[in-house]
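A quick write-up on the structure given underneath.
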Amino acid sequence: MEPSNHLEAPYKESCKHYLEYFKEKFNDSGNAYLPLIRQIPLAICVTDSKGFFEQVNDSYCKLYQYSKDELLGKHFSIVVPSENRAKVTELHEQFMLKQHELVDEWVVKRQDGSLFHILANAAYIVVQGDAKKITFLVSIENPKQTERMLKETVKKMNHLLLSQESAMELLLHDLRGPVSNILSLAEFLEDPSFPTVQRNEFIKRLQQSAQRAYSLTNRLYGIVQIENGKYMPSPAILNFSLLISDIWSDLAILAKAKKISLKMEGLLAEKAKVELYTDPFLINTIFYNLMKNAVEAAPERSEVRLNLIAEGEKIKASVHNEGAIPEEVQLSFFQKYNTSKARGTGLGTYMVKKAAGLLNAQVSFTSSAEEGTKLYLLLPADVMKA
């Protein structure tokens, strides 16, 4: 298959420059960008070493008029005219051997059979020992629109990578605190002349710091497992009332600083002890992030209200605060690294959505200046213990 020569030279060179930029970014740190592909306006697909689709973003699907389910697991040559499929398969094999591809213009095919022109480039990455090809492409039917999209993609990629780095820095900062406390307390306790009364108090504080460090490490490990698709839910009987009490204790310093109180409603107000049969880590992840976000967003001297009710064949939980989510954030509220907070990681609501999915639960929200923000979690009824 020969490349097309449809484009005028100046515009073609401009697009080539952008695609080469994306290629270099992914070649340098493809694993870091891989989770962000779905948020980038550029059409992108990921294929395995044999050329079968593993990931396609919404822009790619829209360009070819396929759904994700219609592409995933299929060979990439499905979007190429039949007479050229053998040739593009050969070129793919050469790319996987040489790890290099020149950007150029090609003729491809939509699902309805119509042909159109694209510019494409690709990066070679290795994920957990498996070689993959990430292809970036643009339609060149509308040059002005394409150029705007390319500029938007550069801006979006830079923002997402910066947010990703900031999120990791904040997570490591949170872990550094209790570890530093442990080291400092251990130094004091090594002194044999240290007073016994103070020694016992320091031992207690050391245990608390160690427990917090352990909890943070578990949380980070769980996030990685969920992200990699390796987390397997393990249901157990859980004292949900105690879980909420523990979470509120973790948030006590922040809540006290803003003079925010917690109000229990529904079953949580009616019963001294509410038990659920579900995965403890996932439920903890969901409610810790929902309650933390609520406290951070709530106006000073206000309430965070937590409600739990039986609704038909479902259990419905809600976390309400009087603050409103900015409209521009609402559009991508559950996306990774999306935050309006100066020190936010943008991982909280994203992890809520991921954890809810593993529990076959549904999560949604409403938000307005008049009514505040309410996050809803709809769980299967069988999680409730009598």
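The values are calculated or read from the model by the stated rules, or taken from the named source; none is laboratory data. Being a predicted model, the structure only gives us computed values, none of them experimental. All Cβ positions, even for glycine, are placed from backbone atoms using ideal geometry, and neighbour counts span all protein chains on display.
I'd like the full set of residues that are more than 13 Å from residue 250 (Cα to Cα) and hydroxyl-bearing (Ser, Thr, Tyr), limited to segment 286-300. Across segment 286-300, there are no qualifying residues. Scanning segment 257-278 for residues that are at pLDDT 90 or above and among the charged types (D, E, K, R) returns 258, 259, 263, 265.
To keep it simple, each residue is scored yes or no on (1) in contact (Cβ under 8 Å) with a residue 60 or more places away in the chain; (2) touching a Pro at 6+ places or on another chain (Cβ under 8 Å).
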{"site": "57", "(1), (2)": "no, no"}
{"site": "61", "(1), (2)": "no, no"}
{"site": "70", "(1), (2)": "no, no"}
{"site": "90", "(1), (2)": "no, no"}
{"site": "97", "(1), (2)": "no, no"}
{"site": "105", "(1), (2)": "yes, yes"}
{"site": "108", "(1), (2)": "no, yes"}
{"site": "119", "(1), (2)": "yes, no"}
{"site": "132", "(1), (2)": "yes, no"}
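In this structure, does residue 258 turn out to be surrounded by 13 or more Cβ atoms within 10 Å (Cβ to Cβ) and more than 23 Å from the chain's Cα centre (by Cα)? The answer is yes for residue 258.
Within segment 204-231, residues that are outside any helix (DSSP H, G or I) reach partners that are at pLDDT 70 or above with beta carbons closer than 6 Å, at six or more positions or on different chains, in the pairs 231/225. Modelled with pLDDT under 90 and either out of contact with any helix residue (DSSP H, G or I) (no Cβ under 7 Å at 6 or more places or on another chain) or part of a loop (DSSP other than H, G, I, E, B) (or both), is that true of residue 345? For residue 345, the condition - modelled with pLDDT under 90 and either out of contact with any helix residue (DSSP H, G or I) (no Cβ under 7 Å at 6 or more places or on another chain) or part of a loop (DSSP other than H, G, I, E, B) (or both) - is met.
Tell me, which residue of segment 33-65 that is farther than 25 Å from residue 115 by Cβ and of a type in the set (S, T, N, Q) is surrounded by the fewest Cβ atoms within 10 Å (Cβ to Cβ)? Filtering segment 33-65 for residues that are farther than 25 Å from residue 115 by Cβ and of a type in the set (S, T, N, Q), the one surrounded by the fewest Cβ atoms within 10 Å (Cβ to Cβ) comes out as 49. For first residues located in segment 356-380 and touching a residue at least 60 places away in the same chain (Cβ under 8 Å) and hydroxyl-bearing (Ser, Thr, Tyr), partners that are assigned to a strand (DSSP E or B) and buried (at least 21 other Cβ atoms within 10 Å of the Cβ) and lie 6+ apart or on another chain with Cβ distances below 6 Å form the pairs 373/321.
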